[in-house]
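Please read the structure below before turning to the comments.
The values are calculated or read from the model by the stated rules, or taken from the named source; none is laboratory data. Since the structure is predicted, the reported quantities are computational estimates derived from the model, not experimental observations. Positions of Cβ are generated from backbone atoms using ideal geometry, with glycine treated the same way; all protein chains shown enter the neighbour counts. With ligands, DNA and RNA removed, areas are computed over all heavy atoms of the protein, side chains included. Shrake-Rupley method; radii C 1.70, N 1.55, O 1.52, S 1.80 Å.
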Amino acid sequence: MPALGLAKQRLGRRLDSAATGGEGIQNLLCAGQAAAVLIGLAGTALLGWWWLDPIVGLALAAVAIREGRDAWRGDDCC
């Protein structure tokens with residue numbers, strides 16, 4: 001997903017397409033969610049860090065909120 005997201009952002013810049021660039025951001029957020037789940041589960045299973053999963057989730061939510069706020073304001077993602 002990260003490679004696909006970066007490729008879509010690059011293509012969006014070349015085509016001057018905010019929709020394609022935004023799709024790339026969405027793919028990167030999807031990859032971030034998958035990584036957050038993996039990190040949270042590994043931290044809980046291996047180290048007993050039950051608090052890691054919620055913290056990573058909150059950090060990912062902050063990134064998603066920032067991207068949503070920028071999109072709401074009409075800022076171009078690329």
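At-a-glance table
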{"read-out": "Pairs, first more than 18 Å from ALA61 (Cβ to Cβ) in region 16-45, second open to solvent by 40 Å² or more (accessible area, probe 1.4 Å) and in a helix (DSSP H, G or I), C-beta under 6 Å, six or more apart", "value": "THR20/LYS8; THR20/LEU11; GLU23/LYS8; GLY24/LYS8"}
{"read-out": "All positions within region 60-75 that are within 29 Å of LEU41 (Cβ to Cβ), modelled with pLDDT under 90 and either β-branched (Val, Ile, Thr) or not in a helix (DSSP H, G or I) (or both)", "value": "VAL63"}
{"read-out": "Among the residues listed as ALA42, ALA31, ALA71, the single one being within 19 Å of PRO2 (Cα to Cα) and not hydroxyl-bearing (Ser, Thr, Tyr)", "value": "ALA31"}
{"read-out": "Selection count, region 1-59, where residues are open to solvent by 60 Å² or more (accessible area, probe 1.4 Å) and in a loop (DSSP other than H, G, I, E, B)", "value": "5"}
